[in-house]
Amino acid sequence: MTVTTSAVDREICTPSPVLPVLGRDVLVPLVTGGEVTYAALDYAASAPALQRVWDDVAAYAPYYGSVHRGAGYLSQLSTDLFEQSRATVAEFLGCRPEDQLIFTRSTTDSLNLLAAVIPAGTHVFVFETEHHASLLPWDRAQDAVVTCLPAPRTPEQAVAALDVALHGAPKGPKLVCVTGASNVTGEIWPVRELAAAAHRHGARIVLDAAQLAPHHPVDVTALDVDWVAFSGHKLYAPFGSGVLAGRADWLRDAEPYLAGGGASRKVARRADGGLDVEWHSTEARHEAGSPNVIGGYAIAAACKALTETGFDQLVAREQQLLARLRAGLAELPEVHVLSLFGADAPQVGVLSFVVQGWNSSHFAAALSAEYGIGVRDGLFCAHPLVRTLLGAEDDEPGECGAPEAAPGERSLNAIRVSFGAGTPDEHIDRFLSAARTLIRDGAAWTYRTENGRCVPAA
C-alpha cells in the first residue's frame with residue numbers, strides 16, 4: 001500500500017542550503033523591554049523541526065492508525081508507512097542488506113538496548129570523551145568489563161590508544177563505542193580508522209552518530225562500523241524516536257529489550273502453568289508495544305529532506321558559519337575555545353568556550369534575557385570531557401546544565417553554541433555582537449542564583 005498524501009508524494013523542490021525550520025519567526029520578551037526574534041543556537045541539544053517534517057507529519061496525521069496486525073485500511077496504511085520509513089532510514093545510513101534497523105526512543109535508548117544484548121562478559125572500550133549516553137550504559141551489561149580510555153589529543157593518538165588497549169585485551173567478545181562528532185567541541189572523530197583498529201583485533205564497533213548525522217553523511221558500509229545510533233530530535237525530527245541499526249546476530253540471539261506484544265510471535269501455556277514464548281527474530285523482537293509510527297516517519301522525512309538538499313551544500317554553508325563564528329570569537333581575548341584536537345581539526349557546527357571573568361551560566365542567562373539568544377551552559381552530559389578541557393577536578397561542583405557557582409565566580413562549566421541547516425547568518429552575527437557587548441560593558445540586568453542556575457532578578 002502506498003501513502004498518497006500530497007506532502008508525502010511532493011515534487012522535490014529546488015535545493016537550498018538553508019532549510020526552513022519551525023520557530024524561525026518566534027518572538028521572545030527581553031528583560032530590558034520589547035521583543036526580539038529568537039535566535040536558536042542550541043541545535044546540539046535538540047534541533048528545531050524542519051518545516052518539511054512538520055508538514056509531512058501533519059499530512060499523515062488524519063490517516064494515523066495502529067501499526068501491524070490491524071485489518072483496517074488506516075492500520076494497513078500506517079504499517080506500510082512505518083516499514084517504508086524503516087527502509088528510507090536504512091538507505092540514508094547506507095546499511096547493509098542483512099542489517100536490522102530498530103526504532104527506539106533516542107540515542108540513549110539505542111545504546112542501552114545494545115548494552116542489553118551484548119554477550120555476557122563482553123569487554124567494552126570507550127573513551128572518557130563520550131556523551132553520557134554512550135559512556136554509561138555498558139556498566140549495566142551482563143558481566144561486562146569496561147575500559148575507559150583517557151582523552152586523546154589528536155585523532156592519531158585516539159587510534160593508537162585503542163589499538164594498544166585492544167591488543168592487550170583477553171580473548172572473548174569485544175565492543176568499541178565511539179562518537180562521530182563531539183557534542184562539546186564539535187570535532188569529528190576518525191571513525192573509519194577506529195573501526196579498522198577494532199576489526200584488526202576481532203572487536204565490534206558502535207558509532208554514536210547523534211551529533212554527526214545532522215551535519216555529515218553517515219554511511220555504515222563505508223565507515224565499516226557494526227552499529228550506528230542516533231536521535232530524531234537532533235536530526236530535525238523531534239517526535240520522540242531514535243535508531244539503532246547494524247548487525248543482526250547479537251540482536252537476534254538476545255532476549256527482547258522489552259517483553260510484550262509485538263515482540264512475541266507465539267505464546268502458549270505449559271502444563272505446569274508457565275508460558276512458552278517464541279520471540280520474533282526480526283526488528284520486532286526489540287520493538288515491543290505499539291511502535292511510534294509518527295516518530296519513525298518524522299525521521300524518514302528528515303532523512304529525505306537532507307538527502308534531497310544535498311550534504312555538500314549543507315556542509316559548505318555550515319563551514320562558512322563556523323569560520324565566521326571562530327573568527328569573531330578570536331577577536332575577543334577573554335574567550336577561550338575548548339578543543340581536543342586543535343583549531344584545524346574537522347568540526348561540525350558545535351563550539352564550546354569559556355569567558356574570562358564570567359560564570360558560564362551568568363553569560364548564557366544574559367544572552368537569553370537581554371538579547372533573545374538561546375545557547376547552552378553546563379557540562380553537556382559529558383562531565384569527564386568538559387572537566388578535562390577546563391582543567392577542573394572531578395569533585396568540583398557542576399551538574400549537566402546546573403552549575404552551583406554564583407555569578408562572577410570562576411567558571412566550572414562552559415558555554416556551547418550549536419547550529420545547523422536552519423540557522424540564518426544573522427543569528428551568528430547577533431550572537432557575536434551580543435558577546436562583544438557583554439564582555440565590554442557587562443550585563444545590563446541583575447542576576448541571581450536559583451536552583452543552581454543564574455536567572456534575572458525580579
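Coordinate-derived values only; no laboratory data. For clarity, every value in this text was computed on a predicted model and none was experimentally measured. Cβ coordinates were reconstructed from backbone atoms using ideal geometry, including for glycine residues, and neighbour counts include every protein chain displayed.
Answer rounded, prolate or oblate for region 307-364, using the Cα gyration tensor with square roots of eigenvalues a ≥ b ≥ c: rounded when a/c is under 1.5, else prolate when a/b is larger than b/c, else oblate. Prolate shape, in that a/c is at least 1.5 and a/b is the bigger ratio.
The residues neighbouring Phe103, those whose beta-carbon lies less than 12 Å from its own, together hold a net charge of -2 under the Lys/Arg +1, Asp/Glu -1 convention. Look at the dipole of region 54-307 built from charges on Cβ: of Pro214, Val176, Val267, the Cα furthest out on the positive end belongs to Val267. Counting only alpha carbon atoms, the long axis of helix 293-309 and the longest principal axis of the chain meet at about 60°. With only Cα atoms counted, the chain has Rg and Dmax values of 23.1, 80 Å.
Would region 244-333 count as rounded, prolate or oblate if I go by the C-alpha gyration tensor, calling it rounded below 1.5 in a/c and otherwise prolate when a/b exceeds b/c, oblate otherwise? Taking the square roots of the gyration eigenvalues as a ≥ b ≥ c, region 244-333 is prolate. Taking a straight line from the alpha carbon of Lys304, these aspartates and glutamates sit under 14 Å away, with near neighbours fewer than eight places off in the same chain left out: Asp9, Glu11, Asp55, Asp56, Glu91. Ordering Ala323, Trp279, Gly310 by the projection of their Cα atoms onto the charge dipole of region 276-337, which places +1 on the Cβ of Lys and Arg and -1 on the Cβ of Asp and Glu, puts Ala323 at the extreme positive end. Taking Lys and Arg as +1 and Asp and Glu as -1, the other residues whose beta-carbon sits under 13 Å from that of Gly94 total -2.
Once C-alpha pairs closer than 8 Å and six or more residues apart are averaged by separation and normalised to the residue number of the chain, the relative contact order reads 20 percent.
Positive-end ranking of His123, Pro152, Ala434 along the dipole of the chain, with charges on Cβ about the Cα centre, is headed by His123. Per the Kirkwood formula applied to alpha carbons, region 54-307 shows a radius of gyration over Rh ratio, Rg over Rh, of 1.00.
Principal-axis analysis of the Cα atoms of the chain puts helix 191-200 at an angle of about 40° to the longest axis. Of the residues Asp253, Asp109, Asp80, the one with the fewest other Cβ atoms within 10 Å heads the list, and the complete ranking is Asp253, Asp80, Asp109. Compared with the dominant Cα axis of the chain, that is its longest principal axis, helix 425-441 is turned about 40°.
Label positions at Ala87 and Ala271, each projected 7 Å from the Cα along the C-beta direction, are separated by 4.6 nm.
Working note: Cα gyration tensor of region 20-167, eigenvalues times five, square-rooted, sorted largest first, giving semi-axes of 36, 29, 14 Å. Overall, the chain carries a charge dipole of about 480 debye about its Cα centre when +1 sits on the Cβ of Lys and Arg and -1 on the Cβ of Asp and Glu, all other atoms neutral. Other residues whose C-beta falls under 11 angstrom from the C-beta of Ala457 contribute a net charge of 0, scoring Lys and Arg +1 and Asp and Glu -1.
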